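Q: I am attaching a structure below and will ask some questions about it afterwards.
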Amino acid sequence: MMNEPLSSIMTTKVITAGPDDKLSVARDVFMKNRVHHLPIVRGTRLVGILTTYDMFKLIDSGHDYHNVLIKDVMTQKVATLEPKDKVGSAAELFLENLFHAVPIVENGELKGIVTSFDVIKYEFHKEYPTQVI
């Protein structure tokens, strides 16, 4: 049931930021685009990921988002999958690690992103193909 490749459900127009951008840039991206996961790239190469949770953890520490660089806060060891991997692989990754998003890469280059919502939507449409969401 979850044997489709991730390329069939991944978002390919991914909003990204650079490691030398300020956290204020990431905050604006999160607020304006209603996303919770921001892949961090140098060119097209994935170098990290920043989440709204990462930002939330800084609230009480008194950090000024205008003076902190993304690279100082981002997760550098990022779990990734490839476009040819199956939807079930993403679901398993989410369940085992309590993640909600995984960057999709090929040869280190960011190709897309898949979220837990994408997997739920995929399964919903399999079960109820005439429903519009």
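The values are calculated or read from the model by the stated rules, or taken from the named source; none is laboratory data. This structure is a prediction, so every number in the text was calculated from the model and none was measured. With ideal geometry, Cβ positions are generated from the backbone for all residues, glycine too; neighbour counts draw on all protein chains shown.
Q: Please go through the stretch 1-35 and give me each residue that is assigned to a loop (DSSP other than H, G, I, E, B), at pLDDT 95 or above and of a type outside the set (A, V, I, L, M, F, W, C), ordered by number.
A: If the condition is that a residue be assigned to a loop (DSSP other than H, G, I, E, B), at pLDDT 95 or above and of a type outside the set (A, V, I, L, M, F, W, C), then 12, 13, 16, 18, 19, 20, 21 are the ones that fit.
Q: For the stretch 18-35: of the residues being among the basic types (Lys, Arg) and surrounded by 13 or more Cβ atoms within 10 Å (Cβ to Cβ), which is farthest from residue 71 (Cα to Cα)? Lay out the reasoning, then the answer.
A: Going residue by residue through the stretch 18-35, those that are among the basic types (Lys, Arg) are 22, 27, 32, 34.
The next check asks that each one be surrounded by 13 or more Cβ atoms within 10 Å (Cβ to Cβ); those that pass are 22, 27.
Working: 22: 9, 27: 14 Å.
This residue is 27.
Q: Counting just the residues of the stretch 1-17 that are exposed (fewer than 12 other Cβ atoms within 10 Å of the Cβ) and not hydroxyl-bearing (Ser, Thr, Tyr), which one comes out nearest to residue 74 (Cα to Cα)?
A: Per the criteria, the residue is 13.
Q: Is there any pair linking a residue in the stretch 44-65 that is under 17 Å from residue 29 (Cα atoms) and outside any helix (DSSP H, G or I) to one that is of a type in the set (Ser, Thr, Tyr) and modelled with pLDDT of 80 or more, with Cβ under 8 Å and at least six apart or on different chains, and which?
A: Qualifying pairs under 8 Å: 48/75; 49/75; 50/75; 51/75; 65/24.
Q: Can you tell me which residue is nearest to residue 6 (Cα to Cα) among those in the stretch 47-93 that are in contact with a Ser or Thr (Cβ under 6 Å, 6 or more places away or on another chain) and modelled with pLDDT under 95?
A: 65
Q: Just wondering, is there one or more residues in the stretch 107-122 that are touching a Gly at 6+ places or on another chain (Cβ under 8 Å) and among the polar types (S, T, N, Q)?
A: We begin by selecting, within the stretch 107-122, every residue touching a Gly at 6+ places or on another chain (Cβ under 8 Å); these are none.
No: the stretch 107-122 contains no residue that is touching a Gly at 6+ places or on another chain (Cβ under 8 Å) and among the polar types (S, T, N, Q).
Q: Determine whether residue 101 is within 18 Å of residue 48 (Cβ to Cβ) and crowded, with 20+ Cβ neighbours inside 10 Å.
A: yes
Q: For residues in the stretch 97-123 being charged (D, E, K, R) and assigned to a strand (DSSP E or B), which is farthest from residue 14 (Cα to Cα)?
A: Filtering the stretch 97-123 for residues that are charged (D, E, K, R) and assigned to a strand (DSSP E or B), the one farthest from residue 14 (Cα to Cα) comes out as 106.
Q: Okay, moving on. From 78, 87, 102, 14, which residue is closer than 30 Å to residue 126 by Cα, of a type in the set (A, V, I, L, M) and free of Cβ contacts under 8 Å to residues at least 24 places away in the same chain? Quick ask: steps written out before the conclusion?
A: Details: 78 fails: free of Cβ contacts under 8 Å to residues at least 24 places away in the same chain; 87 fails: free of Cβ contacts under 8 Å to residues at least 24 places away in the same chain; 14 fails: free of Cβ contacts under 8 Å to residues at least 24 places away in the same chain.
Within the list 78, 87, 102, 14, the selection yields 102.
Q: Looking at (1) in contact (Cβ under 8 Å) with a residue 60 or more places away in the chain; (2) farther than 30 Å from residue 126 by Cβ, which is the only condition residue 71 fails?
A: Residue 71 satisfies all of (1) in contact (Cβ under 8 Å) with a residue 60 or more places away in the chain; (2) farther than 30 Å from residue 126 by Cβ except (1).
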